[in-house]
Amino acid sequence: MENRYSALKMISGVCKTLAVILGIVALIGIFIGIQISSKTDSSIGFLTIIVPIIFGIIGIILLLAVSELIHLFIDIEFNTRSTKKSKSTMMKSESIGLGEKVIHKNDNSDEVLEISEDTTKEPVLSTN
């Protein structure tokens, strides 16, 4: 596989790294929220636990989704390119001359791909 789309691969790696960093920050935020809620009886302690959990989960999922989406697009491009190459090698046309027309057929089926003028035919002089 060619080394294509290195910038997209780097962006994908950055997204994965940011997801890991966000997960660590969310865990630290949860730990701090637990410490605050154990010292106070107010709802602030509860919010300092819930907010990092919610934003951490949403952020991690979005960053990982973007990273995997970039990889998906690269894989789709690679598969499309390889399919095109394999299809072009399979479709060696077979020419059958019929008068002044040439029929190009696929090797694997009787499907007619193209009908074109036979330009290789020498003109025949009639001697009447």
### Message
Kindly evaluate Ile30 against the criterion of being touching a Cys at 6+ places or on another chain (Cβ under 8 Å), among the hydrophobic types (A, V, I, L, M, F, W, C) and buried (at least 16 other Cβ atoms within 10 Å of the Cβ).
### Response
no
### Query
Taking region 31-72, which residues are β-branched (Val, Ile, Thr), over 30 Å from Tyr5 (Cα atoms) and touching a residue at least 24 places away in the same chain (Cβ under 8 Å)?
Ile53
### Message
All but one of (1) in a helix (DSSP H, G or I); (2) polar (S, T, N, Q); (3) within 30 Å of Phe78 (Cα to Cα) hold for Ser37; state the number of the condition that does not hold.
### Response
(3)
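Each reported figure results from applying straightforward, stated rules to the coordinates on display, with no laboratory input. All values derive from a computational prediction rather than experimental measurement. Ideal geometry is used to build each Cβ from the backbone, glycine not excepted, and the neighbour counts take in all protein chains shown.
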